[in-house]
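Visitor: The structure under discussion is supplied below as structure tokens; questions concerning it will follow.
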Amino acid sequence: MDGGGDPKKRRLTDEQVHGLELSFREERKLETGRKVHLAAELGLDPKQVAVWFQNRRARHKSKLMEEEFAKLKHAHDAAVLHKCHLENEVLRLKERLGATEEEVRRLRSAPGSHGASGDGGDAAGAVGACGGSPSSSFSTGTCQQHPGFSGADVLGPDDDLMMCVPEYGGYADSSVVEWFSLYGLI
């Protein structure tokens, strides 16, 4: 051989490689009988066939690991991105919560609000001030809107009648008022 290489190491022909690849796809493990048959069929030494199969299994395993790594890396990157989106959402929600809490404090401290009187009113109680009969624990009235509060997300156009129900923890809309009227509670 020219090039001064080991005469035992011969480069395989394309046909030999093709035959070995076909055999490898059928079965990755190489038994002795199959190794001898394949070597005779391709004109190779059985030891050469065994080494080729060993190397091919190593390349195959390496390729599988690379593919698995790529899948895991993709899943990891997606999880990191999802985590970032969730962290941003938490920050936005905290900002909204802070703004809402500030609005509730502002409304409770407004003149005429129930929250400022210390009656245990909640955010719904800050929407309107209702007057009613002192003889009943339930009092009905029309809720007046506080200046500077739109109430559009709380009160609809048909929700002008509200009932102050301390035991209920706030205000009831017109359907609850009808129920209380039906059963003679107001």
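Visitor: Sort out which residues of segment 22-39 are part of a helix (DSSP H, G or I) and surrounded by 12 or more Cβ atoms within 10 Å (Cβ to Cβ), and write them in order of number.
Guide: As a first pass, look at segment 22-39 and keep what is part of a helix (DSSP H, G or I): 22-26, 32-39.
Within segment 22-39, Ser23, Phe24, Arg34, Lys35, Val36, His37, Leu38, Ala39 meet the criteria.
Visitor: State which residue pairs qualify: first residue within 18 Å of Leu22 (Cβ to Cβ) and inside segment 46-74, second residue in a helix (DSSP H, G or I) and β-branched (Val, Ile, Thr) in any location, beta carbons under 7 Å apart, and separation of 6 or more residues or different chains.
Guide: That search, which allows pairs on different chains as well, returns Pro46/Val36.
All of the numbers you see were taken from the coordinates with simple rules; none came from a lab. Everything numeric in this text was worked out from a predicted model, so none of it was measured. When we count neighbours, we look across all protein chains shown, and the Cβ atoms used for this are built from the backbone with ideal geometry, even at glycine.
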